[in-house]
Amino acid sequence: MAHSKFLVVLTLVTSLLLSSCGGKENCNIPSEISDINVTVDIERLDLKLDSLNSLRETANFLNKNQGFLAGFLEPQQYQNPNTVVGRFHNLVTNPGFDSLQAETRKVFDDNKIEELENELELLFKHIKHYYPDYTVPKVQTVTTGIIRDLYVTDSVIVIGLDYFLGEKGKYRPQQPQYILDHYTPEYIVPKIALLISNKYNKVDLNDKTLLADMIYYGKSYAFVNAVMPCLEDRKIIWYSEDEMEAAYNNASVIYSYFISNELFYETSPMSKRKYVQERPKTPEIGDQCPGRIGTWLGWQIVQRYQDKTDKPLQELMNTREAELIFQKASYKP
């Protein structure tokens, strides 16, 4: 049953909400970060696909680009390695692929790619500020036939541009609209930052509670907030403005629901999925309650913990004990 007090009336956006999830227009990057020497020169694999006219050329292309091969084409699925070469060759030589290529180049022209390079440079500068030993990976773009969005490792980042064509794109992933809403060009770098956070986000593998999942996501969002400080909070968590407003305006209702239903220490995978995995809404709490509301609440707890303890990002990310963060935060909206 939906919580009866959730979103009875949507109030005007408060000053707290504006400061928490607004545009951060006055965001300034300090010189100790902006002066870090980082250069990103995106390798346009997508522009090389037109020249793959034979199986041998396609095989050589894939052999030279193991990150794309491993991350997007999953060769381990095939007993014969020639199978993946043949499948990809059939894709890129299909007449319909030319249309997808044209659409991708229309959205991601030279100006958009330069903008992407600048955003990535700023992201990597921030990461190196917090983690000086961080090695900037090679960055490549490719048209995939809308197979996958991103592949991120320590050495290479591959961006499937055709996954991010946006609402005006002729070709979109086969996903529901609430997921498609955050497959636009502006979400590429935030998604990359979130994936990079996995490298630093330490967890207690023995803790199977919903609280552990919530704090994990909360720490991930805190990482993105630190390395992309000018990014709107809603774009960190992939919420619309209305969803952010609904969450903040009903924070006490959301928290009370978790308390009254003893959800923090829930261990059932099915129950946990309701609150941290992709859903358009969380109807158990209210008809207008955003999906993944447990990840949002986890972020609020982590933010309160940061405010109270003033722990640096590195120490936060190294803290494995979700319960410790929860208790020290003493979060109550």
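We did not get these values from a lab; they are worked out from the coordinates using the rules stated. Only a predicted model underlies this, so the values are computations on that prediction, with no experimental measurement involved. When we count neighbours, we look across all protein chains shown, and the Cβ atoms used for this are built from the backbone with ideal geometry, even at glycine.
Of all residues in segment 143-200, those satisfying the criterion of being touching a Gly at 6+ places or on another chain (Cβ under 7 Å), part of a loop (DSSP other than H, G, I, E, B), in contact (Cβ under 8 Å) with a residue 60 or more places away in the chain and surrounded by fewer than 22 Cβ atoms within 10 Å (Cβ to Cβ) are Ile147, Arg148, Thr153. Please indicate, with yes or no, whether at least one residue in segment 298-315 is closer than 15 Å to Tyr248 by Cα, crowded, with 21+ Cβ neighbours inside 10 Å and touching a strand residue (DSSP E or B) at 6+ places or on another chain (Cβ under 8 Å). No, that holds for no residue.
Take the conditions (1) surrounded by 21 or more Cβ atoms within 10 Å (Cβ to Cβ); (2) out of contact with any Cys (no Cβ under 8 Å at 6 or more places or on another chain); Asp233 misses just one of them, which is (2). Condition check: of a type in the set (Ser, Thr, Tyr) and either surrounded by 15 or more Cβ atoms within 10 Å (Cβ to Cβ) or touching a residue at least 60 places away in the same chain (Cβ under 8 Å) (or both). Does Ser271 satisfy that? Yes; evaluated as a whole, the condition is true for this residue. If you go through segment 124-133 one residue at a time, do you hit one that is in a loop (DSSP other than H, G, I, E, B) and under 28 Å from Glu57 (Cα atoms)? Scanning segment 124-133 turns up no residue that is in a loop (DSSP other than H, G, I, E, B) and under 28 Å from Glu57 (Cα atoms).
One line per residue, one yes/no per condition, for (1) of a type outside the set (D, E, K, R); (2) in contact with a strand residue (DSSP E or B) (Cβ under 7 Å, 6 or more places away or on another chain); (3) within 17 Å of Lys24 (Cα to Cα); (4) free of Cβ contacts under 8 Å to residues at least 24 places away in the same chain:
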position: Tyr216; (1), (2), (3), (4): yes, no, no, no
position: Tyr221; (1), (2), (3), (4): yes, no, yes, no
position: Val227; (1), (2), (3), (4): yes, no, yes, no
position: Tyr257; (1), (2), (3), (4): yes, no, no, no
position: Glu262; (1), (2), (3), (4): no, no, no, yes
position: Glu284; (1), (2), (3), (4): no, no, no, no
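Scan segment 203-213 and give yes if some residue there is surrounded by fewer than 22 Cβ atoms within 10 Å (Cβ to Cβ) and under 30 Å from Lys125 (Cα atoms), otherwise no. Yes, some residue in segment 203-213 is surrounded by fewer than 22 Cβ atoms within 10 Å (Cβ to Cβ) and under 30 Å from Lys125 (Cα atoms).
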